Amino acid sequence: MCARKRYIFVFESLNGPGPLAPLFVDITGVYFRPEGLGNTYICGCSPNEENDISEDNLEVDYSIFEEQVWPALAKRIPSFETLKLKNAWCGFYDYNYFDQNLIIGPHPQQKNFFFANGSSGHGLQHAPAIGRALSEFITDFKYTSIDLTRFGFQRVVNNTPIFEPMIV
């Protein structure tokens with residue numbers, strides 16, 4: 001695992017889809033979702049592989065928003081053409097070099113060692129399912145309601161990565 005630099009931009013759009021809009025991921029990889037109960041949204045995009053380099057600084061590059069994010073948002077949601085950028089920050093995204101996916105479940109050789117890592121920015125979304133699946137595995141020695149076997153460490157040992165085209 002290693003960390004990769006990711007940007008989050010916060011904007012306001014008075015005529016946007018509103019606080020009940022779902023997480024939206026455009027085919028370009030640009031995403032947005034409402035933040036709070038007003039007309040505020042957060043958005044960003046993952047860089048393509050050649051631009052996804054490891055960096056140590058947390059300076060925000062606003063050209064990413066101006067050249068990639070905003071045009072994609074405005075094309076999909078016309079009311080976003082007049083959005084107002086309010087804030088931005090930068091953080092590190094947990095990055096699995098093997099296949100960019102989480103690793104979950106028992107270690108294939110160490111007894112009583114369980115993986116539950118690699119969710120990065122999606123950890124809050126995945127936590128209920130991961131917690132349920134691991135608790136079932138620990139008590140029943142198998143996954144019962146959510147089979148997460150394919151995300152186990154054994155795939156690393158077997159060199160069988162799981163690639164997804166739209167990781168944000």
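The values are calculated or read from the model by the stated rules, or taken from the named source; none is laboratory data. Note that this is a predicted model, so its numbers are computed, not measured. We place every Cβ from the backbone using ideal geometry, glycine too, and count neighbours over all the protein chains shown.
Tally the residues that are over 19 Å from R4 (Cβ atoms) and crowded, with 17+ Cβ neighbours inside 10 Å, restricting the search to region 117-143. Reasoning before the result, please.
From region 117-143, those over 19 Å from R4 (Cβ atoms) are 127-143; that's our starting set.
Adding the requirement that they be crowded, with 17+ Cβ neighbours inside 10 Å leaves 130, 133-134, 136-137, 143.
Going through region 117-143 one residue at a time, the tally reaches 6.
Report yes if P71 is outside the structural domain of N15 (by TED's automatic domain parsing) and surrounded by fewer than 17 Cβ atoms within 10 Å (Cβ to Cβ), otherwise no. No; evaluated as a whole, the condition is false for this residue. On the basis of being under 17 Å from the mean Cα position of the chain (by Cα), farther than 26 Å from G18 by Cβ and in a strand (DSSP E or B), does F98 make the cut? Criteria not met by F98. Taking region 17-29, which residues are in contact (Cβ under 8 Å) with a residue 40 or more places away in the chain and either touching a strand residue (DSSP E or B) at 6+ places or on another chain (Cβ under 7 Å) or not assigned by TED's automatic domain parsing to the domain that holds L85 (or both)? Passing the criteria: F24, V25.
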